[in-house]
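Participant: Below is a structure I'd like to ask you about.
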């Protein structure tokens, strides 16, 4: 299963950009979504920005992913 994750586009140069994904910066391709602008929240899949998304929805998804990560860490420490 593959998952697209939301992040904030913090740099843009032609068909590439840099997205901050939960505190990690990644270079991405903008070829599939050239209309994305700096400070937009975008969905990233396999190194490609595939869509611009609503900030509120992106932040809610990021919060959920962080909670899942914390629960997973707690589970590993408990075992």
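Read the figures in this text as sums done on the coordinates, not as results from a lab. Being a predicted model, the structure only gives us computed values, none of them experimental.
Participant: Roughly what angle does helix 55-78 make with the longest principal axis of the chain, taking Cα atoms, 0 to 90 degrees, to the nearest 10?
Facilitator: The angle comes out near 30 degrees.
Participant: Continuing with this model, one more query. Principal axes first, then extents: for the Cα atoms of region 34-76, list largest minus smallest coordinate on each axis, whole Å, largest first.
Facilitator: Largest first, region 34-76 extends 41, 23, 13 Å along its Cα principal axes.
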